[in-house]
Amino acid sequence: MSEGPGSDPRSTHREPARFHVAADVVVLAPQSGEISVLLIERRNDPYRGRLALPGGFVDPGETAEQAARRELAEETGVTGFRGRFEQLAAYGPAGRRDPRGEIVSVAFLALAAERLLVQGGDDAASAEWVPVAEALAPGRLAFDHERILGDALRRAGDSAAPGSAGRESV
């Protein structure tokens, strides 16, 4: 009689990893010949007072994209985003990307034709457009958002390359 999966010491069955899922959004827009990124100032710990990408935890019953769009609206006032909005990548908990515990973030890239009006809300003390070069200054962004922003810029650059099917103004 079998005692279930994992009862045999030769079994490779392991318990599934347990972690929380978050969604972050990189919104890029042109401004005066350079690219700006939409950032929030965190109202709460961890990283209170630091700049971060808009984002937060995925609620039960939500998809990662629904959570990303909800957090974008709650934290910046941007609703009904009509530009390109696509999944960028997932960032795993390895390396403790978040001091609160094991959290995987699904990041999204949003390309806006122009800077949108923004206002901080929910757990964001403020929302503002920041030139990308300024945002990428070492230690400026909370969590692993510098890495996520770098990946988004590479993706946006690839899609704007000549011959690319997804040419954008960013």
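The values are calculated or read from the model by the stated rules, or taken from the named source; none is laboratory data. Just so we're clear, the structure is a prediction, and the values are computed from it rather than from any experiment. A quick note on method: Cβ atoms are made from the backbone with ideal geometry, for glycine too, and the neighbour counts reach across all protein chains shown. Side chains included, ligands, DNA and RNA excluded: accessible areas come from the protein's heavy atoms. Shrake-Rupley method; radii C 1.70, N 1.55, O 1.52, S 1.80 Å.
I'd like to check which strands (runs of 3 or more DSSP E) are fully inside the range 83-170 and have at least 2 residues that are touching a Pro at 6+ places or on another chain (Cβ under 8 Å) and modelled with pLDDT of 90 or more.
124-131
If I filter the range 10-50 down to residues being more than 15 Å from the chain's Cα centre (by Cα) and not in a loop (DSSP other than H, G, I, E, B), which single residue comes out as modelled with the lowest pLDDT?
Once the filter is applied, the top-ranked residue is GLN31.
Please verify whether the range 61-73 includes one or more residues that are open to solvent by less than 70 Å² (accessible area, probe 1.4 Å), at pLDDT 95 or above and in contact with a helix residue (DSSP H, G or I) (Cβ under 9 Å, 6 or more places away or on another chain).
Yes, the range 61-73 contains at least one residue that is open to solvent by less than 70 Å² (accessible area, probe 1.4 Å), at pLDDT 95 or above and in contact with a helix residue (DSSP H, G or I) (Cβ under 9 Å, 6 or more places away or on another chain).
Just to be sure, is GLY150 free of Cβ contacts under 8 Å to residues at least 24 places away in the same chain and over 11 Å from the mean Cα position of the chain (by Cα)?
yes
Return yes when VAL78 is at pLDDT 90 or above and in a loop (DSSP other than H, G, I, E, B) and no when it is not.
yes
Which ones in the range 26-57 are open to solvent by less than 10 Å² (accessible area, probe 1.4 Å) and either small (Gly, Ala, Ser) or farther than 26 Å from GLY157 by Cα (or both)?
ALA29, SER36, ALA52
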